[in-house]
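Notes follow once the structure below has been shown.
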Amino acid sequence: MSSVKVAVRVRPFNNREIAHQSQCIIEMDGYTTTITNPKAGPKEQKTKRYNYDYSYWSHTTPDDPNFASQKRVYDDIGIEMLDHAFEGYNVCIFAYGQTGSGKSYTMMGRNETGEAGIIPQLCEDLFRRMVNNMSRDEDLKYSVEVSYMEIYCERVRDLLNPKNKNHLRVREHPLLGPYVEDLSKLAVTSYKDINDLMDEGNKARTVAATNMNETSSRSHAVFTIVFTQKRFDKTTKMTGEKVSKISLVDLAGSERADSTGATGTRLKEGANIN
């Protein structure tokens, strides 16, 4: 089993692309994504094919039998990551791509039925499993802590404590590796707790309009779940502990200044994003 898996997803046209009568140049068949270059010369290769672990066709509507819904994306990617977390491994899911390509939608989704992204679905599934496991094993206990930060113009901000305007420092621990000094880490006991914190954090995120995207994320957002499992051994009278870290990352969109029409602050943001 590969330790790194790559999925690609194509979204529907937005209003700007519809107004320009854009043509879809991407096709998907199984794990294969085919890109056609409509401007290819006679000596250039017109189509290129790439194989990924997952190719998600979300360009059409849910009526299309090939349409990849938010649930399907989570079932393929999120469930496996959660399985590894319960086994004690650290896991990470991050979305990368051009601005306006659907990264925030895939990771966060919308507050509508069937529109939840990977992060809220994973958090809800996490607590569902915890409750089920503890109901079957009285010696098993769980604790969950979360943090939420954004990296904006190479500066770290705490999204769960937006009143703190100071930029946080990234440190290096000799055993645990990189960490963010003074980053809020809040204990949660239910999915509702996490959902409320995510809503507050999302409101504090830096977004702005560009020619490419009306609500372009101008920062990288990292939502981290520290998940601790404790089991009491009745034979040895000792408690064993297993700690996993789940990092869920929504990267700011990579962009070209001539396409986004960025100037001034937006141009500086784009340079830091890239």
Open item on the list: Being in contact with an Asp or Glu (Cβ under 9 Å, 6 or more places away or on another chain), of a type outside the set (Ser, Thr, Tyr), within 19 Å of Ala7 (Cβ to Cβ) and not in a strand (DSSP E or B) is the requirement here; does Asp83 meet it?
Closed with: no
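Please specify each residue of region 65-76 satisfying the condition of being crowded, with 19+ Cβ neighbours inside 10 Å and of a type in the set (Gly, Ala, Ser). So that I can check it myself, show each step before the final result.
Step one: of region 65-76, the residues crowded, with 19+ Cβ neighbours inside 10 Å are 68, 70, 73-74.
Hit for region 65-76 is Ala68, nothing else.
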Open item on the list: For the list (1) in contact with a Phe, Trp or Tyr (Cβ under 8 Å, 6 or more places away or on another chain); (2) more than 23 Å from Glu87 (Cβ to Cβ); (3) open to solvent by 20 Å² or more (accessible area, probe 1.4 Å); (4) outside any loop (DSSP other than H, G, I, E, B), I need the number of the one condition that Ile151 fails.
Closed with: (1)
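Considering each residue of region 42-66, count those that are in a loop (DSSP other than H, G, I, E, B) and not charged (D, E, K, R), and give that number. Explain how you work it out, then say what you get.
The first filter runs over region 42-66 and keeps only residues in a loop (DSSP other than H, G, I, E, B), leaving 42-46, 52-53, 58-66.
Now restrict to residues that are not charged (D, E, K, R): 42, 45, 52, 58-62, 65-66.
Of the residues in that region, 10 qualify.
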- [ ] Select from region 13-41 the residues that are within 10 Å of Ser55 (Cα to Cα) and not in a strand (DSSP E or B) and write down the one among them that is least open to solvent (accessible area, probe 1.4 Å).
- [x] Gly30
Open item on the list: Being in contact with a strand residue (DSSP E or B) (Cβ under 9 Å, 6 or more places away or on another chain) and not in a loop (DSSP other than H, G, I, E, B) is the filter here; which residues of region 183-195 pass it?
Closed with: Leu186, Ala187, Val188, Asp193, Ile194
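Of the residues Leu175, Leu122, Leu160, which is surrounded by fewer than 14 Cβ atoms within 10 Å (Cβ to Cβ) and outside any strand (DSSP E or B)?
Details: Leu122 fails: surrounded by fewer than 14 Cβ atoms within 10 Å (Cβ to Cβ); Leu160 fails: surrounded by fewer than 14 Cβ atoms within 10 Å (Cβ to Cβ).
After ruling out the rest, the residue left standing is Leu175.
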Task: Enumeration of residues in region 73-98 that are under 18 Å from Ile26 (Cβ atoms) and at pLDDT 95 or above - done: Val73
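Go through region 69-117 residue by residue and tally those that are small (Gly, Ala, Ser) and without any contact (Cβ under 8 Å) to a residue 40 or more places away in the chain.
Residues of region 69-117 that are small (Gly, Ala, Ser), as a first pass: 69, 78, 85, 88, 95, 97, 100-102, 104, 109, 114, 116-117.
Going one step further and asking which of them are without any contact (Cβ under 8 Å) to a residue 40 or more places away in the chain, we end up with 109.
So the count comes out to 1.
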Task: In region 45-68, the residues that are more than 20 Å from the chain's Cα centre (by Cα) and either under 21 Å from Val4 (Cβ atoms) or of a type in the set (Ser, Thr, Tyr) (or both) - done: Thr47, Arg49, Tyr50, Asn51, Thr60, Thr61
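For (1) assigned by the TED database to the domain that holds Phe227; (2) open to solvent by 40 Å² or more (accessible area, probe 1.4 Å), each residue gets a yes or a no:
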{"position": "Asp63", "(1), (2)": "no, yes"}
{"position": "Gly78", "(1), (2)": "yes, no"}
{"position": "His84", "(1), (2)": "yes, no"}
{"position": "Cys92", "(1), (2)": "yes, yes"}
{"position": "Met107", "(1), (2)": "yes, no"}
{"position": "Glu145", "(1), (2)": "yes, yes"}
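So that you can scan it fast, the table gives a plain yes or no per residue for (1) among the charged types (D, E, K, R); (2) closer than 18 Å to Met198 by Cα; (3) in contact with a strand residue (DSSP E or B) (Cβ under 9 Å, 6 or more places away or on another chain):
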{"site": "Pro42", "(1), (2), (3)": "no, no, no"}
{"site": "Asp63", "(1), (2), (3)": "yes, no, no"}
{"site": "Asn66", "(1), (2), (3)": "no, no, yes"}
{"site": "Ile79", "(1), (2), (3)": "no, no, no"}
{"site": "Val91", "(1), (2), (3)": "no, no, yes"}
{"site": "Glu112", "(1), (2), (3)": "yes, yes, no"}
{"site": "Met134", "(1), (2), (3)": "no, no, yes"}
- [ ] Check off (1) among the β-branched types (Val, Ile, Thr); (2) closer than 18 Å to Phe227 by Cβ; (3) open to solvent by 20 Å² or more (accessible area, probe 1.4 Å) for Thr113 and give me the number that stays unchecked.
- [x] (2)
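The values are calculated or read from the model by the stated rules, or taken from the named source; none is laboratory data. Because the structure is a prediction, the values reported are computed rather than measured. All Cβ positions, glycine included, derive from the backbone under ideal geometry; neighbour counts span all protein chains shown. Areas reflect the complete protein model, heavy atoms only, side chains present, ligands, DNA and RNA absent. Shrake-Rupley method; radii C 1.70, N 1.55, O 1.52, S 1.80 Å.
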